[in-house]
Amino acid sequence: MERVSLLTIAVFGALVLSIPAKADTLNFTLSSPQQTGLPGTTLSFSGTVSTPSSNTGAVFLNDVGTFSSGFLVLNDTPFFLNSPHSMAPGQTNTFVVFTVGIPVGTPVGSYPGTFSILGGSSPAAFFSLSTASFQVNVSVPAGVPEPATMLLLSSGLVGVAAKVRKRRKAV
């Protein structure tokens, strides 16, 4: 058996490391990344996931969703129910990716978040990441008066009722 020299191993290692690694990629975009909802409702975010035809093999999918708000609830169950387990090169899929619940009592405002889809050559090896940013705007329901408006309206109605009562007693 011949002995492999340290120099041979070093040269072979340098050659292997100098070969560029080809990582398959994926693309992810949200159809409506900015949505507005009322407290007590749930918003659905649909998106498109695609793999370039230049990919060398199937890309397995996983997800990561983050929110900067402690008020809203991100639910990624739709991703697991709707997304394919893997995607072949050149494949495109559009589906509901996640939902955001707006609990009652959530303050009015804008809440940014991100949702990332990870891709890999196996269900355990993820090398590609495609992230889409989104924003949830929480608004006040139309037609619900503010407390000061309610107080003013109530005091006016009490005054009108008192005036009507006074006139009825006078007659």
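The values are calculated or read from the model by the stated rules, or taken from the named source; none is laboratory data. Only a predicted model underlies this, so the values are computations on that prediction, with no experimental measurement involved. All Cβ positions, even for glycine, are placed from backbone atoms using ideal geometry, and neighbour counts span all protein chains on display.
Some points to look at:
- Matching residues, the range 67-119, being closer than 17 Å to S130 by Cα, buried (at least 17 other Cβ atoms within 10 Å of the Cβ) and among the hydrophobic types (A, V, I, L, M, F, W, C): F67, F79, M87, V97, F98, F115, I117, L118
- Top-ranked residue of the range 106-129 - restricted to ones that are out of contact with any Asp or Glu (no Cβ under 9 Å at 6 or more places or on another chain) and modelled with pLDDT under 90, ranked as nearest to V73 (Cα to Cα): L129
- In the range 32-64, residue nearest to the chain's Cα centre (by Cα) [restricted to those that are of a type in the set (G, A, S) and part of a loop (DSSP other than H, G, I, E, B)]: S32
- Checked against (1) of a type in the set (S, T, Y); (2) closer than 15 Å to T42 by Cα; (3) part of a strand (DSSP E or B), T106 meets all criteria but (3).
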